[in-house]
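The values are calculated or read from the model by the stated rules, or taken from the named source; none is laboratory data. Everything quoted here is computed from the prediction, not taken from an experiment. All Cβ positions, glycine included, derive from the backbone under ideal geometry; neighbour counts span all protein chains shown.
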Amino acid sequence: MKIARLSLALGLMLIGSANAGTVEAYKALREKAWQSELDTNPVLATSLGDSRGNGLLEDLSLQNYNALVSQAGEFLNQLNAIDINDLPVDLQVDYAVLKRHFSDYVDGAGFDHTRYVLFTNREGWFSNFISLPYRSPFFSFTDYQSYVDRLSAYSALNEQGINRSRKAIELGLTQPCEPMQGFETRFSRELVENVEDSDFWTPFAKEKPISLTSAQWQSLQKQARSAIEKSVIPSFKTFLDFYNKEYQPKCRKGVPGVGSTENGQAYYAYRVKSFTTTDMTPDDVHQLGLQEVTRILAEMKDVALSAGFKSRESFIEHLRTAPQYYMTDADEYVTYVAALAKKIDGFMPTLFGRLPRQPYTVQPIPAANAPGNTTAYYEPGSLKTGQPGIYRINTTELEQRPLWELPALGVHEAVPGHHHQIALQQELDIHPFRAEGAFFTAFVEGWGLYSERLGIEMGLYDTPAKQMGRLSYEMWRAVRLVVDTGIHAKGWSKTKAVNYMLENTALTEANIDAEVNRYLTWPGQALAYKVGELKIRELRVRAERTLGTDFDLRAFHDTVLENGAIPLSVLEEHVERWINAQHKKR
């Protein structure tokens with residue numbers, strides 16, 4: 001008996017030792033991957049208070065991209081050599097996140113589209129750079145010097161982006177013509193004659209900071225002036241010349257979807273799986289969209305009738321055209337949005353047990369990025385560099401931006417949506433690779449859309465117009481499933497996509513045009529919202545039914561968010577464990 005017990009104890013010790021070795025091996029690999037991420041993304045490093053990337057921008061060269069793909073493959077091989085069952089539960093979640101991250105990166109590298117299509121009608125290396133004056137820390141001499149050095153470094157980055165985009169032209173992988181109309185006008189603001197009229201001069205268009213000497217300030221201003229004159233402005237001119245003379249004449253005509261390009265159907269199928277973090281096919285998503293559209297149409301009809309209109313269509317026409325729903329002054333619009341955001345803040349303690357420390361603010365989208373852009377978006381901040389989260393709103397074409405959309409918009413982009421989720425993720429006790437590096441659109445955008453529904457529980461939709469605003473936004477995400485797959489997998493034209501959205505949503509024509517252009521140039525991304533939201537809603541219903549009167553909404557929300565952004569399959573497993581643990585306490 002003693003021998004048996006001794007053998008058992010020895011066996012358990014050996015297993016524990018083996019597990020400890022596996023845990024240490026995994027943690028070492030994870031840290032190596034994170035340090036590589038910081039080396040690769042110098043702007044991210046700076047935002048986290050890491051000085052290794054000061055003055056540098058990312059390397060967009062094809063040579064560096066190939067090296068990163070090779071490295072990701074090595075990380076993936078090392079992960080596959082580790083048995084996930086030898087890790088504790090918290091690290092199993094961590095492992096699954098990293099594995100999905102690297103698997104997706106390697107799978108995407110198998111397509112020329114990933115390798116050479118570097119910009120859409122609204123995003124690219126240039127738009128990220130345009131945000132630099134607003135997203136950089138400016139506390140010390142080192143901060144300002146880093147910013148100035150990055151201005152000088154932009155010419156090299158721009159040339160790398162252009163070189164890879166030339167290969168896209170050669171392979172017939174340019175963007176379709178229709179959504180790129182007017183694209184070149186976005187950059188006219190950057191082609192200034194006077195440096196002090198440039199957005200990039202903004203950090204120097206103020207009084208000298210007390211932390212700098214007069215000599216330092218004068219030197220920095222001189223360097224910045226030179227960098228803007230010799231690097232920034234010429235680079236935007238070079239890009240425009242490339243776009244107008246080489247790229248635009250070769251834009252894709254005919255069927256606009258990516259499925260019409262070489263290997264495009266396989267590429268789109270990859271994008272569907274990548275953005276949804278599921279095994280859904282394009283047709284699965286299309287059918288899900290059709291079902292959701294039918295359901296929401298019925299709810300919209302009920303709201304229209306309650307408002308005294310004979311049909312959904314007549315109420316929507318009223319909402320699109322009645323002057324009382326629109327503002328004309330941009331400053332008043334920003335003030336209105338900010339006041340609504342502050343009202344929503346007051347509901348947060350009733351919905352969450354844990355709130356992030358980082359605040360957020362409401363600001364317009366920078367002028368160079370605003371034309372043709374979406375109604376709003378969120379920019380993450382950083383406590384380490386003193387940057388708040390920013391709820392960016394589009395103040396152009398205000399006659400197309402109704403007030404009845406704003407409650408749903410605010411809860412999505414700010415709180416309890418993107419700001420709450422992302423700021424909290426940055427403060428969680430998880431490895432920085434997950435807190436700052438990994439990003440899963442289905443979770444992030446799914447949570448944003450789920451947050452719109454929380455507006456019902458806050459009482460935000462207190463008029464039929466606001467109710468229709470929420471339903472219109474939900475319908476917007478549902479029709480995306482139909483339209484995005486219709487365009488890229490089923491050969492839809494832009495006109496067909498626009499008409500489908502006009503028929504089924506309350507969105508204005510300008511918003512619909514901007515959205516369809518986005519789907520045309522960014523295949524698959526728009527699918528993540530509804531798929532993610534439906535999974536979170538499904539998990540909530542499951543928890544409510546299982547726990548009954550013991551269901552705690554705040555605890556459920558904290559559970560969903562306590563791992564940061566994760567693949568939907570990992571989220572489901574985590575919530576199931578929480579439900580089972582709560583059930584056992586009863």
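So if I check each of GLU317, GLU299, GLU313, which one is of a type in the set (D, E, K, R), part of a helix (DSSP H, G or I), in the same structural domain as ILE456 (by TED's automatic domain parsing) and within 26 Å of LEU527 (Cβ to Cβ)?
Selected residue: GLU299, the only one of GLU317, GLU299, GLU313 that is of a type in the set (D, E, K, R), part of a helix (DSSP H, G or I), in the same structural domain as ILE456 (by TED's automatic domain parsing) and within 26 Å of LEU527 (Cβ to Cβ).
When THR46 is evaluated against the numbered criteria (1) among the hydroxyl-bearing types (Ser, Thr, Tyr); (2) over 30 Å from TYR247 (Cα atoms); (3) modelled with pLDDT of 95 or more, which criterion, by number, is the only one it fails?
(3)
If you go through the range 460-470 one residue at a time, do you hit one that is touching a helix residue (DSSP H, G or I) at 6+ places or on another chain (Cβ under 9 Å), surrounded by fewer than 23 Cβ atoms within 10 Å (Cβ to Cβ) and closer than 24 Å to LEU173 by Cβ?
No, every residue in the range 460-470 fails to be touching a helix residue (DSSP H, G or I) at 6+ places or on another chain (Cβ under 9 Å), surrounded by fewer than 23 Cβ atoms within 10 Å (Cβ to Cβ) and closer than 24 Å to LEU173 by Cβ.
Evaluate the range 442-452: report whether one residue or more is under 23 Å from SER131 (Cβ atoms), surrounded by 19 or more Cβ atoms within 10 Å (Cβ to Cβ) and among the β-branched types (Val, Ile, Thr).
Within the range 442-452, one or more residues are under 23 Å from SER131 (Cβ atoms), surrounded by 19 or more Cβ atoms within 10 Å (Cβ to Cβ) and among the β-branched types (Val, Ile, Thr).
Test GLN400 against the criterion of being out of contact with any Cys (no Cβ under 9 Å at 6 or more places or on another chain), farther than 23 Å from ALA465 by Cβ, touching a residue at least 24 places away in the same chain (Cβ under 8 Å) and of a type outside the set (Asp, Glu), and give yes or no.
no
For the range 160-193, what are the residues that are closer than 21 Å to TYR116 by Cβ and among the charged types (D, E, K, R)?
Selection gives ARG164, ARG166, LYS167, GLU170, GLU178, GLU184.
Just for the range 89-112: of the residues that are touching a helix residue (DSSP H, G or I) at 6+ places or on another chain (Cβ under 7 Å) and not in a helix (DSSP H, G or I), which one is surrounded by the fewest Cβ atoms within 10 Å (Cβ to Cβ)?
ALA109
Pick out the one residue from SER231, SER226 that is over 32 Å from the mean Cα position of the chain (by Cα) and over 21 Å from GLY372 (Cα atoms).
SER226
Checking PRO359 against (1) surrounded by 15 or more Cβ atoms within 10 Å (Cβ to Cβ); (2) touching a Pro at 6+ places or on another chain (Cβ under 6 Å): exactly one of these is not met. Which one?
(1)
For THR261, are the conditions met, namely being surrounded by fewer than 14 Cβ atoms within 10 Å (Cβ to Cβ), of a type in the set (S, T, N, Q) and more than 19 Å from SER198 (Cα to Cα)?
no
Filter the range 21-60 down to residues that are small (Gly, Ala, Ser) and either under 29 Å from ASP86 (Cβ atoms) or in the same structural domain as GLY386 (by TED's automatic domain parsing) (or both) and give me whichever is surrounded by the most Cβ atoms within 10 Å (Cβ to Cβ).
ALA33
Pick from LEU547, LEU539, LEU520: which is of a type outside the set (S, T, N, Q), in contact (Cβ under 8 Å) with a residue 60 or more places away in the chain and outside the structural domain of HIS101 (by TED's automatic domain parsing)?
LEU520
From the list ALA442, ALA438, pick out the single residue that is in contact with a His (Cβ under 6 Å, 6 or more places away or on another chain) and within 30 Å of LYS27 (Cβ to Cβ).
Criteria check complete, one pass: ALA438.
Which of the residues that make up the range 538-566 are under 15 Å from GLY446 (Cβ atoms) and touching a Gly at 6+ places or on another chain (Cβ under 9 Å)?
HIS557
Which of the following residues is more than 23 Å from LEU481 (Cβ to Cβ) and either of a type outside the set (Gly, Ala, Ser) or under 25 Å from the mean Cα position of the chain (by Cα) (or both): GLU317, GLU292?
The match here is GLU317.
Under the condition of being part of a loop (DSSP other than H, G, I, E, B) and either of a type outside the set (Gly, Ala, Ser) or outside the structural domain of TYR154 (by TED's automatic domain parsing) (or both), which residue from the range 175-193 is surrounded by the most Cβ atoms within 10 Å (Cβ to Cβ)?
So, considering only residues that are part of a loop (DSSP other than H, G, I, E, B) and either of a type outside the set (Gly, Ala, Ser) or outside the structural domain of TYR154 (by TED's automatic domain parsing) (or both), the one surrounded by the most Cβ atoms within 10 Å (Cβ to Cβ) is GLN175.
From the list ARG518, ARG477, which residue is among the basic types (Lys, Arg), over 19 Å from ASP283 (Cβ atoms) and within 21 Å of the chain's Cα centre (by Cα)?
ARG518
Restricting attention to the range 113-133, report how many residues are touching a residue at least 40 places away in the same chain (Cβ under 8 Å) and either assigned to a loop (DSSP other than H, G, I, E, B) or among the hydrophobic types (A, V, I, L, M, F, W, C) (or both).
Here the count works out to 13.
Would you mind telling me which numbered condition in (1) under 23 Å from ASN163 (Cα atoms); (2) free of Cβ contacts under 8 Å to residues at least 60 places away in the same chain; (3) in contact with a Pro (Cβ under 6 Å, 6 or more places away or on another chain) GLN63 fails?
(3)
Would you please name the residue that is surrounded by the fewest Cβ atoms within 10 Å (Cβ to Cβ), looking only at residues in the range 278-294 that are touching a residue at least 24 places away in the same chain (Cβ under 8 Å) and within 19 Å of ARG312 (Cα to Cα)?
LEU290
Every residue in the range 514-570 that is among the polar types (S, T, N, Q) and within 23 Å of ARG434 (Cα to Cα), please.
GLN525, THR559, ASN563, SER569
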